[in-house]
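All remarks here apply to the structure that follows.
Taken together, the values in this text are just the output of simple stated rules run on the coordinates, not laboratory data. Not measured: the values here are computed from a predicted model. No Cβ is skipped: glycine too gets one built from the backbone with ideal geometry, and neighbour counts run over all protein chains shown.
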Amino acid sequence: MTALDNKSLPTVDEIVNSLKRSFIPIIIIEGTDDVYIYRWLKSKLANSLVSLQATGGRTNLFAIHDRKPEFDGKKVIFIADKDSYRFEGIPQNRNDIIFTSGYCIENDIYDGSGIDNLIDEEDLNDFEVLKKVIVRWFSFELEQFNQRKLTNINASLQVSNHINVVSPIGTNDICPTFKAKINFREPCTNIRSSVENEYGLNVRGKQLFQVLSRFMSKKGRFSSFSDKNLIEIALKQGNNDAIQRLVSQIDIKLTV
């Protein structure tokens, strides 16, 4: 029951109808990009007789979660990225969903994995500079999000840009064109410090690995690693407390 791309995914109605008929536990996840990660997590569960179902995104997952009474009595476990809930808290009506500790599943893989130890010593200074650049941008977006929330409860945290857009290769600051596009201004010290203090859990995980990959794939290195390569290494070789927590929480729900 695992879908491989969003175009072939069943609709919310189709998934709900399938859940009504299911006789095995099912883990509901967001999109297909993370299926590989959750397959690996599934292999670590005490009970491997469980199916994965991608839904095509957060909106669809929440829509299915809202219809829980329709498949009451079935063993259905929901897992979602924390996203902006990392900063605003989890709503009461979603508190039975297993959320990642960090912004997204990639954060849980990154934080505590030691994957950044692969950075060559000669690149460490530039690596730290780029991290601070990304923290400044992310903190600005978080500050803007907090302001939008005052008038729009459905406001979203807009942090999907690739780091090459935020800070192009060969630069050590936020791109001037990008700054103008988003009307960038320096974020307040408190928000910036808060984001930076838990960099591995706060800054969107995909960007964490994009930052690493910039240095791990640069021309002239003995080996080249893409962001996906680095995610796999961190997942399989890291000693991630957040990932272990996810596995434990799933195991607990499977035995209840």
Checklist outcome for this item: Taking the alpha-carbon centre of each part, the distance from region 24-64 to region 156-206 in Å is 30 Å
Checklist outcome for this item: Surpassing 27 Å at the alpha-carbon level, of the pairs LYS131/LYS219; LYS44/LYS131; LYS149/LYS181; LYS42/LYS218, are LYS44/LYS131; LYS42/LYS218
Item to check | Relative contact order [Cα under 8 Å, 6+ residues apart], region 110-237, whole percent | outcome: 35 percent
Item to check | Share of pairwise Cα separations in the chain, more than 26 Å, in percent | outcome: 45 percent
Checklist entry - Hey, can you rank 122-130, 149-157 by average C-beta count inside 10 Å, highest first? => result 122-130, 149-157
Item to check | Burial order of peptide ranges 89-97, 44-52, 61-69 (average beta-carbon count within 10 Å, highest first) | outcome: 61-69, 44-52, 89-97
Item to check | Equivalent-ellipsoid semi-axes of region 130-250, from the Cα gyration tensor, Å, largest first | outcome: 26, 22, 11
Item to check | Surface/4 estimate of mean projected area, convex hull on alpha-carbon atoms of region 25-151, nm² | outcome: 10.2 nm²
